[in-house]
1. Would you tally the residues in the range 481-520 being assigned to a loop (DSSP other than H, G, I, E, B), under 22 Å from Ala537 (Cβ atoms) and of a type in the set (A, V, I, L, M)?
2. Taking the conditions exactly as written (outside the structural domain of Asn325 (by TED's automatic domain parsing), within 60 Å of the chain's Cα centre (by Cα) and more than 30 Å from Thr123 (Cα to Cα)), does Asn231 satisfy them or not?
3. Lys787 is checked against (1) under 25 Å from Trp719 (Cβ atoms); (2) charged (D, E, K, R); (3) at pLDDT below 90 and fails just one. What number does that condition carry?
4. What is the one condition in (1) within 53 Å of the chain's Cα centre (by Cα); (2) under 17 Å from Phe646 (Cα atoms); (3) assigned to a strand (DSSP E or B) that Asn615 does not satisfy?
5. Is it the case that the range 971-978 has a residue that's at pLDDT 85 or above, part of a loop (DSSP other than H, G, I, E, B), of a type in the set (Gly, Ala, Ser) and not assigned by TED's automatic domain parsing to the domain that holds Pro831?
6. Pick from Glu662, Glu692: which is closer than 23 Å to Val735 by Cβ and surrounded by fewer than 20 Cβ atoms within 10 Å (Cβ to Cβ)?
7. Is at least one residue of the range 126-133 surrounded by 14 or more Cβ atoms within 10 Å (Cβ to Cβ) and modelled with pLDDT under 90?
8. What number of residues within the range 643-665 are without any contact (Cβ under 8 Å) to a residue 60 or more places away in the chain and under 60 Å from the mean Cα position of the chain (by Cα)?
Amino acid sequence: MLPHRDCPSTLPAQKRLRFQHPPDTSTTSPASIPRRRQLAASQIATLPVAMIWSNVRILPLLALIAITLGVASSEHAFATEPSVQPYYVRENEPGPILNCMFSETYRNRDRYEPEWTRVVAGTPKLLTRDSTVFLKNDYTLFEDAATGEYNLQIKIVNFERDNGQFFCSLLDRETGDQILSTPAKVMVVVPPSPPTITVQPSQPVKENDFVTIHCESSGGNPPPKFAWIFNNQSVVPESWYQDKSESAPRATSISVLQWRVNAADNGAYLTCQIWNDAMQKDEFRAVETNRLNVLFAPRVSVGPTSDYSVEEGEPVELTCEAEGNPVPNQFEWLHVSTGEHMTGKQWKFIADKKMRGDFRCTAVNSIDTGAAKLNVNVYYGPEITVPKVANPAEGDQLTLDCDVDANPPPEQIMWTGPGGFTHLGPKLTIDSINRDHTGNFTCQANNAFALFSTGDTVVQRTGASSTLVDVKRKPGAAIITASQTSVNVGDILTLSCTADDPGSPEAKYRWSTPATHGIFSQQLEFNRQTITVSKAALSDNGLYRCVAFNDIGQGDEAVMKIVVIEPARISRPLSESRVMTSGDVDASIDCEAVGYPQPNIRWTKNGLPVNEASNPHWVIQAHPTQTSCNDGEYCPWSVVSSLRFFETVEWSDKGNYTCIAENGNTGPLSQDSTILNVVHEPVILNEKFPTEALAAADVASVAKISCIVSARPEPKFVWMRDGSELDESDSRFSVHSSKLYNRFDEFESILEINDVAESDMGAYVCKAVNGQSGAKSAEVIINLQHKSKPQIPRGIQLHKASPTNIVVSWKPGFDGGDHQYFEIEYRIGNPWTNENSKSNPTTFILDENNATTIVTYENDQSTPRARRSPKMVSLLVHNLTLLTPMTVYWYRIRARNAYGYSDWSPIASAMTLDVTESVDIQPPTSLLYFANDQKIVFEPTRFNNDSCLLLYISGNDDSSSLSTTAGIWRALGCFPADQPVQHVEPAEHFKARFCQRNDLAVCSSSVEILVANSVMAKQWTLTIIIPIVIIVLLILLMLTLIIFCCKIRLTPARREKAKQKFTTVVGDPERAEVSGPIQPGDSKNTIHGSQTDSGVFTLGSLPNHAQQGNQAPSFENGFTGDSENGADSWHNSSDEHFNYNNDPYLQDYNNQFTTASPDFTQQPPPTNYQYFEGGTPFDKIDTVVPQGGISSGDENDAGSENGSASGGRVMREIIV
């Protein structure tokens, strides 16, 4: 229930009843006595006449009081009087003391007689006279003649007896005057009876009817106060009701409430509350009325809002709600502008332009009708109407109009066209059209609006429509597309021709093919956009031309070469098997294939490619010949490929050889295989660790010693120990020999020793002989030892690398006689120093199940013959994934079995590759490094979790902090792309790129910045200052030369004289250039003239202080291997300001003429260097010193032997 529209919202504070004596009036001023007399007289005058006449016996007393009031003295008779405030008391409780004290003048009892008189219900009663109490059971008198005190106390309060007024008075015996005090009003409070509603509506009332409600209560003293409260706690204003009470005590009190009801009062009820002084402050007695039944017409509300903004095509739902009594039972919607209507509370439809405007909902009940309306504003993006096609000729004027329908109106209308053409406004005019205007001209408009469904978010809408401007023109260049440019004989070939500009009218096409002998045919089948060769033949090889044309002209032709392939096939099958003998000379395996184009034949052995480039033992020769046919040059080729074994056939050449023929054909390749067996003496295949074969067993267990041999024919095995053949009659020893399954001519003999004793440990010899080479046999010593921890893995190396992967390979060591596992551990390298970082390593546990085995060829370098025989070896590899690009990783491997761990392998390092740049990922637009904060800020930031920022650093050769990574980029890591990168130490170069977080190999292009440090600042300073100094010196030199030339203008005679002098000193200036080095001799090497004008510079000799034996190797450009010491090796005491390093003459002679002394004709041997980390070698670098080094320096002026023998000279004459 809503608060009443005219009522305050809170109840007024009620007076709390307190039973107390009135305040002491002993200090009452004399001036108040006449006023009190008048008050007393007025109170007596109010007594009803009937009551006075009914009490005839007290008439003389009342007459006396009246006379006394008329003649009473004006002197002050009372020092203390009863309080003017009522004395509130309760029945059957001790009553109050009524105070009365006479002034000193009136204390003479001989003259003045004191009295107490009670008036209840208009009837007076004399209670005391002088010291006499007439009702001693009811009252007590407290008097003191000396002080004038004359107080009266009610012993036990009785409502009928004491609810009235008490007067203290003096009777003047001489004059007969009666002096009265202020009356003491004793109020005996009695709670009212519970209120009742006596009058209220019993039938429904209509809105604005006048309603009356009565609330009654009886028996209360004083009469109760009324308050009316609605059920929503709003208080009814006092002006709405009137309280009536009878004058008699404990009479009935009535409150009459009247007001006009409205719709808000429907269903409301009121509470009538009463209270009097007999009740506590917060204590009320209340009664509720019946609920009001107010009949009113419907009050209608519509939604969702009065101004409803929607977008065309958006679902719309209008709702209509109504309050009424009775409840409305009929609802109807009406669209005002169209007259369309809908019955019901809801109207659902799809927003359309025609449905915008006012919608009114009407509700009906039995009282009346009610209505409300809302406005639906249907917004829609621009709808553009332009001509579909315009077909002007070149030079015509073109006008296009753009008709835009939008709500709200568009903010901007713009035309765009080919070549970046733009124009603002709805009307576009081009004065002179040309072929470059061919294309779509698009009119685009946009508007913006806010919707009810989007709240405050403004929606942008854009509309566009295009006109195809097709300028009449000839077609452009033709473009040929084919289903495939290489097809097999018999396949279908389809070629299509288009033009980069189809022209107007639209282009037609004609073809020139090998079938038309290169001529553009007029036949219908060659005058279409697409041609098809149903069954390709070799004669269809060649050039296919297409040209586009129309009535205006023709464009440039297109050419495509089609290759028709006769798939290569093996024309001469290989035999299933072949047998050769080890040592055979000029042996080969031949394979023939036929096809067009010329087939290429490649070979594999046991599934691995035969690569003659990596192993000179194999020589592959191809002998192609072309057959003759009617198709001219397009005839099949026959190729015979010979796989030859260099020098002699080796035992390791056995195996399965496959020749594969291919010539670019699609589909499966033609191949054939043969098994080659090689007759050879036994060859031991046991692996050695590193110099002996090993086997292991525990004492009291069974030992199995394996001996593996390759031989043809099958060998015979003999086991020996301590020079004697083992006695097979010993039950503890047994030998089992067999051919190895799926291996070529390989056999295994296993010596089993039961119940191994300590004495069984040691060396065993396995001998194998197969009757070849007479008494020769192959043998191997196999050392039986106790089971132990495995050996260190061997040959740790990088197998393959990618941006996020490193594949490492290794050879297992001896397993110690037990199944072994491998632990591979890697750490990320420090990008600043390229050293092994102290970060926690990542470790993998591997065995045959999760490590991959690969087979490859390996050359045995032990003997020249072994180098010619590649053997297959097995390696274990493991792929380290989820790595960071351009990052160095340090790794090592160890083996373990049940008996312990091997030592770690030497630490190796590998670096991941750089990423693949993707154009689909946008790169950073800026990259800034703040040195003080050590952070990198980049734009734009990305707030999704799919991207990260891959950050690189690099230094130069002068950087001490990046000396090991100078000039090489290193990745710091991939950091979140939504915030700056913090805690980045300074570097000279940074670059960054965005990468996919789940695949760091796919990244954007990079952005690079250069960070200046102290070294670079110095370099930049020199870069700026040195050119300025050089320019100033050049200007001064030019001025000096000009002045010098002006002063020394010579006459012709003087010139001739100077020329003769110059020739004498220097020589003939017309002589030919020196074209070769001057051989060393005993004369001086330098011809002295004017040092500032001319001279001969000698290169190639050693400085006098240099030691021949320690001469550093030189390189082609004159620098030694040490960049820092290069300047020292070129030291010259007389010409320190010259730098010969980049002298073109030096380079010219260095490339052509170099003479070495006999002491230096031999090239120094290569030097091997090893890099150690904590005593562990990591890599080996072979350094080769090139021949022909050149050095410079002054020769000994005395022409000593040492000077002449130091080396040849290269001379260049410089003539100014």
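1. The initial filter retains those residues of the range 481-520 that are assigned to a loop (DSSP other than H, G, I, E, B), namely 483-485, 489-492, 500-503, 505-507, 513, 517-520.
From what is left, the residues that are under 22 Å from Ala537 (Cβ atoms) are 483-485, 489-492, 513, 517-520.
Retained after the next criterion (residues that are of a type in the set (A, V, I, L, M)): 489, 492, 519.
Total satisfying the criteria: 3.
2. Criteria met by Asn231.
3. So the condition that Lys787 fails would be (3).
4. Exception for Asn615: condition (3).
5. In the first step, residues of the range 971-978 are kept if they are at pLDDT 85 or above; the result is 971-978.
Now narrow it down to the ones that are part of a loop (DSSP other than H, G, I, E, B): 977-978.
Imposing the further condition that a residue be of a type in the set (Gly, Ala, Ser) reduces the set to 977.
Now drop any that are not not assigned by TED's automatic domain parsing to the domain that holds Pro831, which leaves 977.
Yes; the residues of the range 971-978 include at least one that is at pLDDT 85 or above, part of a loop (DSSP other than H, G, I, E, B), of a type in the set (Gly, Ala, Ser) and not assigned by TED's automatic domain parsing to the domain that holds Pro831.
6. Numbers: Glu662 fails: closer than 23 Å to Val735 by Cβ.
Step by step, each of Glu662, Glu692 is checked, and only Glu692 is closer than 23 Å to Val735 by Cβ and surrounded by fewer than 20 Cβ atoms within 10 Å (Cβ to Cβ).
7. Within the range 126-133, the first condition is being surrounded by 14 or more Cβ atoms within 10 Å (Cβ to Cβ), and the residues that meet it are 126-130, 133.
Add one more test, that the residue is modelled with pLDDT under 90, and what stays is none.
There is no residue in the range 126-133 that is surrounded by 14 or more Cβ atoms within 10 Å (Cβ to Cβ) and modelled with pLDDT under 90.
8. Residues flagged as without any contact (Cβ under 8 Å) to a residue 60 or more places away in the chain and under 60 Å from the mean Cα position of the chain (by Cα) within the range 643-665 amount to 3.
The values are calculated or read from the model by the stated rules, or taken from the named source; none is laboratory data. From a predicted model like this one, the values you see are computed outputs, not experimental measurements. FYI the Cβ positions are ideal-geometry reconstructions off the backbone, even for glycines, and counts take in every protein chain you see.
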